[in-house]
Structures are given as structure tokens and as C-alpha cells.
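For reference, the structure is listed below as C-alpha cells.
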Amino acid sequence: MEIYEVLKRDHEEIKEFLNELVALDDDDEYRFVLIQEISNALIPHSRAEESVFYNTLRAVNADKGVVFHGYQEHMEAESLLRTLQVMDKVNMEWKPIANKLKDALEHHVEEEESDIFAEAYNAFSQEEAEVMAEAFERLKSEVEKEGPIQTTVDMVVNMMPPRIADKIRSFTDKGMNP
Ligand SMILES: [Fe+2]
Ligand SMILES: [Fe+2]
């Protein structure tokens with residue numbers, strides 16, 4: 001299996017959760033379960049995607065603008081998700097934020113599967129795409145064990161130029177590279 005299929009499978013899962021979420025009534029407490037499911041699916045996916053897919057593309061000199069745009073959308077989605085997670089505590093309406101998150105992620109997935117995949121099809125052989133799929137799955141299960149602070153730190157480290165990122169990882173002893 002190649003990295004593209006593995007990423008698409010996750011995207012479909014996340015989109016289904018979002019569809020379910022926005023279809024709920026405003027007072028349906030099942031939203032808490034779904035918001036947690038979205039977080040559990042989205043964050044490990046995004047961290048592993050950045051480390052294995054985005055940064056490998058960056059390293060082979062693909063269009064870096066496309067990759068950084070992807071990073072930016074990960075940040076936006078995660079800040080909406082965090083807002084949604086605290087929403088009830090501050091007594092705000094959660095539906096508009098849920099809709100915003102759904103729209104943002106649908107847009108992100110569409111761009112990823114078109115613009116970023118196009119860069120990758122040019123840059124990687126089939127064999128490389130298969131190796132990346134394995135590395136992605138391995139790293140995803142590592143991220144699943146991490147807490148929210150570590151996954152935020154990981155995002156920032158992932159974005160840095162490789163040499164600086166390696167230095168930080170050697171200090172913190174928290175490797176994100178497979
Ligand atoms: Fe993705
Ligand atoms: Fe993504």
C-alpha cells in the first residue's frame with residue numbers, strides 16, 4: 001500500500017466524524033464523544049503526515065509553498081478543535097465552530113489530495129511511497145501515546161529546518177522521525 005491510500009483512508013474517517021458531529025442537535029451530548037474521536041484521529045494523522053510526508057517532500061525540493069500551506073492549515077484546524085473542546089466550559093455555542101472546523105478540514109483534505117499529492121507523485125517512486133506508508137503508520141501509533149503539549153511541540157519542531165529540528169530533538173530526546 002502506498003502513502004496516498006493510507007492518508008486518504010484517514011481523511012475519509014475524519015470527514016465522517018465531522019459529518020456526524022454537525023448533524024447533531026445542539027444539546028446532544030454525544031458531541032463530546034465525537035470531538036474526542038476527531039482529536040484522536042486528526043492529531044496523530046497530522047503529526048505523522050508532517051514528519052513522514054511533508055518533510056520528505058521538503059527534503060527533495062518539491063514546491064515548499066504547498067507544504068507550508070499544509071502546515072498552516074494543520075495549525076488552523078487544531079486551534080478550532082481546541083476551541084471546540086473548551087466551548088461548553090465557557091457556555092458558548094459549539095455548532096458554528098464545528099461547522100468551521102468541518103469546512104476547514106474538507107478544504108485542507110481537498111488541497112492535500114490534489115496539490116500536495118501531485119508534488120509527491122512527481123517526487124517519489126512507488127517503492128518510496130510504500131516505505132512512507134509503513135513509516136507513517138509506525139509514527140502515528142507513537143504519537144497516539146503522546147499528550148497534547150508534546151504533540152503541539154512536535155508540530156513546531158516538524159516545521160523547522162531539518163538541522164535545527166534535529167538539534168531540538170537531541171535535546172528533548174523526543175524523536176519524531178521514524
Ligand atoms: Fe492529511
Ligand atoms: Fe494534512
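The values are calculated or read from the model by the stated rules, or taken from the named source; none is laboratory data. From a predicted model like this one, the values you see are computed outputs, not experimental measurements. Glycine gets a Cβ as well: all are built from the backbone with ideal geometry, and neighbour counts include every protein chain shown.
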Can you tell me which residues in the stretch 152-161 are surrounded by fewer than 17 Cβ atoms within 10 Å (Cβ to Cβ), assigned to a helix (DSSP H, G or I) and not polar (S, T, N, Q)? Val153, Val156
Go through the stretch 1-26 and report how many residues are of a type in the set (A, V, I, L, M), under 25 Å from Glu137 (Cβ atoms) and more than 13 Å from ligand 1 (Cβ to nearest atom). 2
Regarding Ser46, is this residue more than 15 Å from ligand 1 (Cβ to nearest atom), within 18 Å of the chain's Cα centre (by Cα) and under 28 Å from Ile164 (Cα atoms)? no
Could you go through the stretch 18-35 and let me know if any residue there is among the acidic types (Asp, Glu) and within 24 Å of Ile149 (Cβ to Cβ). no
May I ask you to say which residue of Ile168, Ile149 is loosely packed, with under 13 Cβ neighbours inside 10 Å, β-branched (Val, Ile, Thr) and either modelled with pLDDT under 95 or not in a loop (DSSP other than H, G, I, E, B) (or both)? Ile149
Those residues of the stretch 68-93 which are among the small types (Gly, Ala, Ser), within 20 Å of Leu34 (Cα to Cα) and either in contact (Cβ under 8 Å) with a residue 12 or more places away in the chain or within 16 Å of ligand 1 (Cβ to nearest atom) (or both) amount to Ala77
